[in-house]
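Peer 1: Next up is a structure, given as structure tokens.
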């Protein structure tokens, strides 16, 4: 087995708000990130797949196909979008880095031929990222 990682970038806006909390509680917990107008980030996504090397191609996966899947399932949905208002999975979930990683995993799981999804890493900033390895790990 070998691990292969592909990167993709997208830019999105979001804010942190839990509607079950008061305005004061949201502002205390989330600070400036509770601004309902939102703020943006240039995210970097790393998707790692695991599999066996195909003896004919020397690849774990078709690299163009993996890039196309990331584009279709994630980048085209998240890029230049306000996550809270335009992406269905964040209608009820707070779009934290952690929740974004989980949502991307769910979008990709089972859609990458001949490989198993191993890790989703989402960088919100160069010094802040979340890793998700699925519910089975």
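Peer 1: Please go through (1) within 18 Å of the chain's Cα centre (by Cα); (2) buried (at least 18 other Cβ atoms within 10 Å of the Cβ); (3) touching a residue at least 12 places away in the same chain (Cβ under 8 Å) for residue 9 and return the number of the only condition it doesn't satisfy.
Peer 2: With respect to (1) within 18 Å of the chain's Cα centre (by Cα); (2) buried (at least 18 other Cβ atoms within 10 Å of the Cβ); (3) touching a residue at least 12 places away in the same chain (Cβ under 8 Å), residue 9 is out only on (2).
Peer 1: Residue under question is residue 134, and the condition is that it be surrounded by fewer than 19 Cβ atoms within 10 Å (Cβ to Cβ) and more than 23 Å from residue 64 (Cα to Cα); does it hold? Lay out the reasoning, then the answer.
Peer 2: On the way: surrounded by fewer than 19 Cβ atoms within 10 Å (Cβ to Cβ): yes; more than 23 Å from residue 64 (Cα to Cα): yes.
Against the criterion (surrounded by fewer than 19 Cβ atoms within 10 Å (Cβ to Cβ) and more than 23 Å from residue 64 (Cα to Cα)), residue 134 qualifies.
Peer 1: Within region 18-26, is there a residue that is closer than 22 Å to residue 99 by Cα, in contact (Cβ under 8 Å) with a residue 60 or more places away in the chain and outside any loop (DSSP other than H, G, I, E, B)? Steps first, please.
Peer 2: Pass one, region 18-26, residues closer than 22 Å to residue 99 by Cα: 18-23, 25-26.
Now restrict to residues that are in contact (Cβ under 8 Å) with a residue 60 or more places away in the chain: 18.
With the extra rule that they be outside any loop (DSSP other than H, G, I, E, B), the set shrinks to none.
Within region 18-26 (the criterion being closer than 22 Å to residue 99 by Cα, in contact (Cβ under 8 Å) with a residue 60 or more places away in the chain and outside any loop (DSSP other than H, G, I, E, B)), the answer is no, since none of the residues qualifies.
Peer 1: Filter region 78-112 for residues that are in contact with a helix residue (DSSP H, G or I) (Cβ under 7 Å, 6 or more places away or on another chain) and in a loop (DSSP other than H, G, I, E, B); which is surrounded by the most Cβ atoms within 10 Å (Cβ to Cβ)?
Peer 2: Here the residue is 95.
Peer 1: Are there any pairs, at least 6 apart or on different chains, whose C-beta atoms fall under 9 Å, with the first in region 111-123 and free of Cβ contacts under 8 Å to residues at least 60 places away in the same chain and at negative phi and the second surrounded by 14 or more Cβ atoms within 10 Å (Cβ to Cβ) and part of a strand (DSSP E or B), and if so, which?
Peer 2: 111/117
Peer 1: Among the residues that make up region 29-48, is at least one of them exposed (fewer than 11 other Cβ atoms within 10 Å of the Cβ), touching a strand residue (DSSP E or B) at 6+ places or on another chain (Cβ under 9 Å) and farther than 22 Å from residue 91 by Cα?
Peer 2: No, region 29-48 contains no residue that is exposed (fewer than 11 other Cβ atoms within 10 Å of the Cβ), touching a strand residue (DSSP E or B) at 6+ places or on another chain (Cβ under 9 Å) and farther than 22 Å from residue 91 by Cα.
Peer 1: Moving to a separate point now. Within region 36-66, how many residues are free of Cβ contacts under 8 Å to residues at least 40 places away in the same chain and either within 30 Å of residue 22 (Cβ to Cβ) or within 21 Å of the chain's Cα centre (by Cα) (or both)?
Peer 2: 6
None of the figures in this text is laboratory data; all of them are computed from the coordinates on show. Every value quoted in this text rests on a predicted model; they were computed, and no experiment measured them. In this analysis, Cβ positions are derived from the backbone assuming ideal geometry, glycine residues included, and neighbour counts consider all displayed protein chains.
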